[in-house]
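Participant: Dropping the structure in here first, questions after.
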Amino acid sequence: MNGWVLLTIGLVSLGVVTVAFAYVGYVLYRLVKAGLHIVRDYGPPTAELAAKAYTSEKLLEQAGLQAEELAATLAHLQVTLRRLQVVADAVQTALSPYQRLRTYFGR
């Protein structure tokens, strides 16, 4: 092979490599441009959504704690209601003789 053929093959190869690099650069440019577009358009709403999710998680946690407190208070209220019912039954039992006398004498 003579030198001109090798030079031609070398220059063609250099051109193919240059075109390939240019194409890869163009594709990367479009990819970066699309990525920046996505970040610009969807970044703030995504951050806002993440903040709302965090706030919702905290509110849900507080609601869970309040539900536990409410359950404890309700249990205490039920115990108190049973005690009050015992007292009311005792008063009713203590007053029953007086009520029989009252109905006997007609008042």
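Participant: Test of understanding: among T103, T55, which residue is surrounded by fewer than 10 Cβ atoms within 10 Å (Cβ to Cβ), free of Cβ contacts under 8 Å to residues at least 40 places away in the same chain and hydroxyl-bearing (S, T, Y)?
Facilitator: Unique residue meeting the criteria: T103.
Participant: Out of all the residues in the stretch 26-49, is one or more surrounded by 10 or more Cβ atoms within 10 Å (Cβ to Cβ), in a helix (DSSP H, G or I), aromatic (F, W, Y) and at pLDDT 95 or above?
Facilitator: Yes: the stretch 26-49 contains one or more residues that are surrounded by 10 or more Cβ atoms within 10 Å (Cβ to Cβ), in a helix (DSSP H, G or I), aromatic (F, W, Y) and at pLDDT 95 or above.
The values are calculated or read from the model by the stated rules, or taken from the named source; none is laboratory data. In this text the structure is predicted, and so the values were computed from the model without any measurement. Cβ atoms come from the backbone with ideal geometry, glycine included; neighbour counts cover every protein chain shown.
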